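Undergrad: The following block contains the structure, expressed as structure tokens.
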Amino acid sequence: MTAAAAPVGSAGLELRDVVKHYRAGTELVRAVDGVSLALAPGEVVALYGPSGAGKTTLLQLAAGLLAPDAGEVLFDGRPVPTSGERHDRLRHEVSVILQATHLAPRESALDNASVRLLATGRSFREARRLARPWLERVGLEERADQPAGQLSMGERQRVAIARALASDPRLLLADEPTAALDSARSREILQLLVDVGHHHRIPVLLVTHDPAAVDVVDRAHTLRDGSLLDGVDATLLGLA
Amino acid sequence: MRSPTILGVRPTVLLGLYRWRVRAHPGKELLAAAGVAVGVALIFGVLVANTSMTRSAGDLVRSIVGSAQLQLAARSTDGMPAGVADQVAAVPGVRNAVPVLRVQATLVGPGGRRPVQVMGVTPALAELDGTRTQGWGRGGLPLAQGLTLPATVGRAVGAEPGEHVRLLIGGEERAVVVGTLLGSDTIGTLDGMPIAVAPLALLQVLAGMSDRISQVLVQTDPDRLAEARRGLERVAGDRLDVTAADHELRLLETTARPNDLSTGLFAAISAMVGFLLAFNAILLTVPERRRWIAELRMQGWAARQIVLTLLFDALVLGLLASGLGVLLGIVLSRTLFDAVPAYLAFAFPLGTQQMLTAGAVLVAIAGGVLATVIASLLPTLDLRSPRPDLVLAQPGEAGEALRPAVTKTLALAGLATIALATLLAMLAPPLTVASGVLLAAATLLLIPAAFDISTRLLARALAGVRRSVLPLAVVELRAAATRSIAVACVAALAVYGCVAIQGARSDLIRGLDRNFGDYLETADLWVTTGGDDLTTNSFRLPAGALATIERLPQVRSVRRYQGGLLDVEDRRLWVIARPAEDRAMVPASQLLAGDLTAATDQLRAGGAVAISQAIADDRQLALGDTLELPTPAGIAHLRVAAVTTNLGWPPGAVILNATDYRHWWRSHAPTALQIDLQPRADRALAARAVHAALGDTPALRVQTAAERTAQYASLSRQGLRSLQQIATLLLIAAGLAVALALAAALSQRRPRLAWLKVDGFSSGQLWRSVLAESTLVLLLGGVAGGLTGLYGHLLASRWLQIATGFPAPFSLGGLEVAATVGLLAAIALTTIAIPGWLAARVPPRATFQG
């Protein structure tokens, strides 16, 4: 078992000896094989690993989108549900950012940042009011009324971050959020995520291949063959 | 050796790529194919419905008249003396002169009743070498043994050879033995026609027309046709007609033409809708094809190679789907289409077989393939851009964006198309068919702008609404603009077609109902032979029956109505001879020119007629001019007092005074008794009393005006059956197309729905959102299609009045539009409810799988 220790607060994320295996034809794939990982509130952790190492599976386990075969995923000290009413509530508290932004191209940046809030029964007007400060926070106050289709890739990713944060999440999970960006934009987005995590005391788990992340996050780990290792392999950062 | 290539692509590679694409998106391809199939089924179905029934009549005429070139025909059902045939035989140049008597009757057997035209013939008929009568000569078919019936007619009434059936003929009931039943193996397409054949002498006895015949078919000596014709004209004088032997075909063509024209209009609109439905089914896959093109370009494929792969895909998909569509069309045709219009069956003996022609199959398949190819190649517009990656780099679903400039251009093109359609219809009414087709295209062109404006307005209106999925639904619709617009287009086309066609049909029905209401309200009770006819069958009254009826306490007055069909040039006219005492002489609702009071006075006074517009146009007659009408007594000169619609009889009608009719037709036999009742007399009881006074004969029918009006209403609806069939086919196809389009759109939503799940939306919210999106898009399409459909309806009704002479006053069918939209929405939402619920239950982790 590989454990990555960290102080876990009342709003922290903790994975304890989590196992998730798949069957691919006749072959057993050990996507996550006894991983333990803890993120304290405000802590930003980057997760590196080669393709197929199980990073996205780990992220889905953390979000409660997958049930582990063994072990526990805890949030706030309570098991993360994978179905039912508590699971629905949890989805309002856990924000996920993906490489694909899933923005609606005809809607403005502000409306895109507001959409997630509609799930909680708010009106669009209220949602816009809540989302606008986050749009300012990611530096897009002047582009708020611009259709998403007319924004640059970096701006779109920032809208996606604003959308993820507008609902005031208690856990932020990001899967390759900078994969489609150039290095300058990547660094900008990564720094933004770290700042948000620190400032709002939100644990942030960041799955990435981006070498720049290691310089800005609090901790970095490597997932290889389903097992978690401390630090980052230099080959994964393109340094070797 | 290298295998051959097409534009640098090996056929095996084309096939491989196609298989790869189908395997990657089996659901999408299947739904697209189903959408094309529905469109093709509609095209094929309307082509079948549009097949003129005159083709089937051609068989009958050819099989009877054989090598006869000319005929001498009587001008009324009373016929002419049989001795005329001998005079004709003596005319120089005549080789054969074959007498025929034709009488309308109702055949009653143990299994049912059926109106038939009984043909009285002699064995000499076989000498004409008709295709189906060669065996009827001496020693051939046993004509002397009674009625010869087509097997289909025999089965319909339960008749067996050697058994007796009853013939209701001329107001009397006669028993007659069935001699032979002939199947299609013997008489081909004659089987199924409403005819019966009897020896001439037997029919003369049965019909009480001793020594009378209807026509003489004439075969001339070679090269002596003109001489024979001159001789025949001398025999005919001004009381009989000399025409080509197959003249009846031309009469039928004239009679069927208005129906063919109106069916043609409906068919053209429906076929266009079918074509566009197929087109839109493929349009739903455009985003996916755009992504495909972008990927191929990024892999280094040349533009021409990409076009080739898309073309290959389109041809394979188009051919397979169109083949399926034709099969579906055959099933629908067999289910929906049956007999020919009854209103023609009593004036012409017509068969009931459908015309499933190779031409219809080819046109339908070509339409389906063409729609598939055009829609499939639309994404190749992306090849103009030097940056293939831009399609993939768009936010949201790749390929779903529609540029505002494109929307604006399409809207302007749509408005221009509507203007063009209007100009065409106004300046050249015969081109109204093209206007209807253009309007369908304009509907599509306007949808993107309508979609953009309406969703913007809706988003603004919903900004303050809480706990509703509507705001999300609007965002989602706009996020997949191409797909939403394609679905709205399908709905718009469906509603456009249904509204335009149902509206025009309703106008026709309303016009005919008013016409027949006016026509029949001139009496409280009608006594007729009771067939599905236009009161044209004369009958003999039992001795003393008229006096008995007049003495009945409920009866106030009895009048003899007369009428018939008269062949004038290429028109078989409906002659209406009203007693001068009738409440009305001209149906007020059908008057097109003339003053009703003045026309009524002139008709009552005699020497005047009201004629249909078509007759007035043919003869270039105006009010006050003289109509020369060939009658059994010679050429009648009658003053035109009024011009009417065609009164529901396509070739047109002539209304005159019954006294004039008796004079010119030399006939006192009524075709109806019109009976007025005392105030407060019970009509049903009075009808029974009148029938008893007639000896309770089944050969005569007593109906109240309301009952007869209902019978005519049924007749007119049956007459417009092809229009109803097309409308029904369109509605079914529209419902299927909308449901398929929604299903196709839904199948493409899975990744997006999964993402929304990740974003915190519940399954219930997403299901409601899917239903709301479907409803909104259907409403948008429905309203747009409804508006252009109403306009199409207006143009179609106007054209029907101008081109066909049918009464078809336009009336705004707002309720019908709402009902059509509601029905389509109900069909579509019911279809989509369960798949939508299943789609909304997509696990959120699916967003990580695509």
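Undergrad: Quick one: helix B:11-24 against the long Cα principal axis of chain B, what's the angle to the nearest 10°, folded into 0 to 90?
TA: So the helix axis and the longest Cα principal axis differ by about 80 degrees.
Undergrad: Pull up all non-local amide H partners of A:Val80: gap of 5 or more, or a different chain, and H-to-H distance under 5 Å with H placed in the peptide plane.
TA: Amide H neighbours of A:Val80, under 5 Å, 5+ apart: A:Val73, A:Leu74, A:Phe75.
Undergrad: Scale the Cα Rg of segment B:569-630 by the rule-of-thumb value 2.2 N^0.38 Å and send over the ratio, two decimals.
TA: 1.11
Undergrad: Next question. What nm value, rounded to one decimal, do you get for the distance between B:Val235 and B:Arg10 when each label is placed 7 Å out toward the C-beta?
TA: My value for the distance between the label points is 8.0 nm.
Undergrad: Specify whether the C-alpha gyration tensor of segment B:675-721 places it in the rounded, prolate or oblate class, a ≥ b ≥ c being the square roots of the eigenvalues: rounded for a/c under 1.5, otherwise prolate if a/b is larger than b/c and oblate if not.
TA: oblate
Undergrad: Could you quote the convex hull projected area for segment B:67-244, Cα atoms only and averaged over all directions, in nm²?
TA: If I average the Cα hull's projected area over directions, I get 9.7 nm².
Undergrad: Can you tell me the convex hull volume per residue for segment B:531-699, based on C-alpha atoms, in Å³ to the nearest whole number?
TA: 123
Undergrad: What lysines could a cross-link reach from A:Lys20, if we take a straight Cα to Cα line under 26 Å and drop same-chain neighbours fewer than 8 places away?
TA: Answer for A:Lys20, where 26 Å is the Cα cut-off: A:Lys55, B:Lys757, listed by chain and number.
Undergrad: Only Lys, Arg, Asp and Glu count, each charged at its Cβ (+1, +1, -1, -1), so figure out the dipole size of chain B about its Cα centre, rounded to 20 debye.
TA: Values: 74 positive and 60 negative charges, 684 e Å.
Computed about the Cα centre, the dipole is about 3280 debye.
Undergrad: Sort segment B:175-237 into rounded, prolate or oblate with this rule: let a ≥ b ≥ c be the square roots of the eigenvalues of the Cα gyration tensor; rounded if a/c is under 1.5, and if a/c is not under 1.5, prolate when a/b is larger than b/c, oblate otherwise.
TA: Here segment B:175-237 falls in the oblate category.
Undergrad: Something else now. Which residues among segment A:108-136 fall inside the zone where the amide N is under 12 Å from a point 7 Å beyond the Cα of A:Asp168, along Cα→Cβ?
TA: It comes to A:130-131, nothing else.
Undergrad: For chain A, state the average projected area of the convex hull of the C-alpha atoms over all orientations, rounded to one decimal in nm².
TA: Averaged projected area of chain A's Cα convex hull equals 13.3 nm².
Undergrad: Could you check how many percent of all C-alpha pairs in segment B:643-760 are farther apart than 16 Å? Could you put the intermediate results ahead of the total?
TA: Values: 5532 of 6903 pairs.
Here the tail beyond 16 Å accounts for 80 percent of pairs.
Undergrad: A follow-up question, please. Rounded to whole Hz and in sequence order, give me ³J(HN,Hα) for segment A:210-217 from the Karplus expression 6.51 cos²θ - 1.76 cosθ + 1.60, θ = phi - 60°, writing x for Gly and Pro.
TA: Each residue's phi maps through the Karplus curve to give 6, x, 5, 5, 4, 7, 10, 7 Hz.
Undergrad: Additional query: Angle between the Cα long axis of helix B:404-427 and the longest principal axis of chain B, 0 to 90 degrees, nearest 10?
TA: 10
Undergrad: Further question on the same structure: Mind ranking B:596-606, B:480-490 by how tightly packed they are, going by the mean number of other C-beta atoms within 10 angstrom, highest first?
TA: B:480-490, B:596-606
Undergrad: Taking the Cα atoms only, what angle lies between the long axis of helix B:470-479 and the longest principal axis of chain B, rounded to 10 degrees?
TA: It works out to around 80 degrees.
Undergrad: How high is the relative contact order of segment B:67-244, in percent, with contacts defined as C-alpha pairs under 8 Å that are six or more residues apart?
TA: Across segment B:67-244, relative contact order equals 38 percent.
Undergrad: Any chance you could check the Cα centroid distance between segment B:23-52 and segment A:15-71 for me, in angstrom?
TA: Each part's Cα centre sits 48 Å from the other's.
Undergrad: Average partner chain C-beta neighbours within 10 Å, per residue of A:112-118?
TA: The shielding value for this peptide is 5.
Undergrad: Which of the aspartates and glutamates could be linked to B:Lys28 by a straight reach, that is with a Cα gap under 12 Å, when you skip same-chain ones fewer than 8 residues away?
TA: B:Glu288
Undergrad: With no solvent and one point on each alpha carbon, what is the Debye value of log10 I(q)/I(0) for the protein assembly as shown at q = 0.09 Å⁻¹?
TA: With no solvent term, the Cα-only Debye profile gives -1.01.
Undergrad: Treating cross-link reach as a plain straight distance, find the aspartates and glutamates whose alpha-carbon is under 15 Å from the alpha-carbon of B:Lys408, omitting any fewer than eight places away in the same chain.
TA: Excluding near neighbours in sequence, the set is B:Asp452.
Undergrad: Using 1/(1 + (r/R0)^6) with R0 = 60 angstrom and r between the beta carbons of A:Gln99 and B:Ala819, what's the FRET efficiency to the nearest 0.05?
TA: So, using R0 = 60 Å, E works out to roughly 0.80.
Undergrad: Which value in nm describes the separation of the simple spin-label points at B:Arg95 and B:Lys408, placed 7 Å from the Cα toward the beta carbon?
TA: 7.8
Undergrad: Would you kindly give the portion of the calculated P(r) for segment A:71-211 that falls above 21 Å, as a percent of all Cα pairs?
TA: On the way: 4081 of 9870 pairs.
Result for the distance tail: 41 percent.
Undergrad: Taking H as built 1.01 Å from N, whose amide H comes closer than 5 Å to the amide H of B:Asp221, not counting residues under 5 places away?
TA: Hits under the 5 Å cutoff: B:Val94, B:Arg95.
Undergrad: At a Förster radius of 35 Å, what calculated FRET efficiency corresponds to the Cβ-Cβ distance of B:Ser184 and B:Ser210, to the nearest 0.05?
TA: 0.50
Undergrad: Given B:Leu623, B:Leu431, B:Leu566, which one lies farthest toward the positive end of the charge dipole of the protein assembly as shown, if we put +1 on the Cβ of every Lys and Arg and -1 on the Cβ of every Asp and Glu?
TA: B:Leu431
Undergrad: Largest first and in whole Å, what are the equivalent-ellipsoid semi-axes of chain B based on the Cα gyration tensor, each being the root of 5 times an eigenvalue?
TA: Semi-axes (√(5λ), whole Å): 61, 31, 24.
Undergrad: Another question, then. Sorted by mean Cβ packing within 10 Å, highest first, what order do the peptides A:125-131, B:743-749 take?
TA: B:743-749, A:125-131
Undergrad: Moving on. Quick one: check the C-alpha center-to-center distance for segment B:541-559 versus segment B:786-850, whole angstrom.
TA: 55
Undergrad: Within 10 Å of each Cβ of A:121-127, how many other protein chain Cβ atoms are there on average?
TA: Mean inter-chain Cβ contacts per residue within 10 Å come to 6.
Undergrad: Turning to a different aspect of this structure: Could you check the spin-label model distance between B:Ser714 and B:Leu362? Points 7 Å from the Cα along Cα→Cβ, value in nm.
TA: Result for the modelled spin labels: 4.2 nm.
Undergrad: For peptide B:465-471, how many partner chain Cβ atoms fall within 10 Å of a residue's Cβ, on average?
TA: Values: counts 4, 9, 5, 4, 2, 2, 9.
That works out to 5 on average.
Undergrad: Can you work out the Karplus-derived ³J(HN,Hα) for every residue in segment B:78-91? Use 6.51 cos²θ - 1.76 cosθ + 1.60 with θ = phi - 60°, whole Hz, and x for glycine or proline.
TA: 6, x, 9, x, 4, x, 4, 4, 5, 4, 5, 4, 8, 6
Undergrad: Using Stokes-Einstein with the Kirkwood hydrodynamic radius over Cα pairs, what translational diffusion coefficient do you get for segment B:358-508 at 4 °C and a viscosity of 1.567 mPa s, in µm²/s rounded to a whole number?
TA: Estimated diffusion coefficient is 71 µm²/s.
Undergrad: Hey, got a sec? Which trypsin sites (Lys or Arg not before Pro) in segment B:671-700 land in a DSSP loop and have at most 13 other Cβ atoms within 10 Å?
TA: B:Arg680
Undergrad: Apply the Karplus parameterisation 6.51 cos²θ - 1.76 cosθ + 1.60, with θ equal to phi minus 60°, to every residue of segment A:41-51 and state each ³J(HN,Hα) to the nearest whole Hz, in sequence, with x for glycine and proline.
TA: With coefficients 6.51, -1.76 and 1.60, one gets x, x, 8, 10, 10, 9, 10, 9, x, x, 4 Hz.
Undergrad: When all C-alpha to C-alpha distances in segment B:692-818 are sorted into bins of 5 Å, what percent of pairs does each bin hold, rounded to whole numbers?
TA: 2, 7, 10, 14, 12, 10, 9, 8, 7, 6, 5, 4, 3, 2, 1, 1, 0, 0
Undergrad: Can you list residues from other chains, or at least 5 along the same chain, whose modelled amide H is less than 5 Å from the amide H of A:Val18?
TA: Those lying under 5 Å, H to H, from A:Val18 are A:Gly34, A:Val35, A:Ser36, A:Glu72.
Quick note: the coordinates plus some simple rules give every number you see, no bench work behind them. The structure displayed is predicted, hence computed values, not measured ones. So basically every Cβ, Gly included, is an ideal-geometry build from the backbone, and we count neighbours across all protein chains shown.
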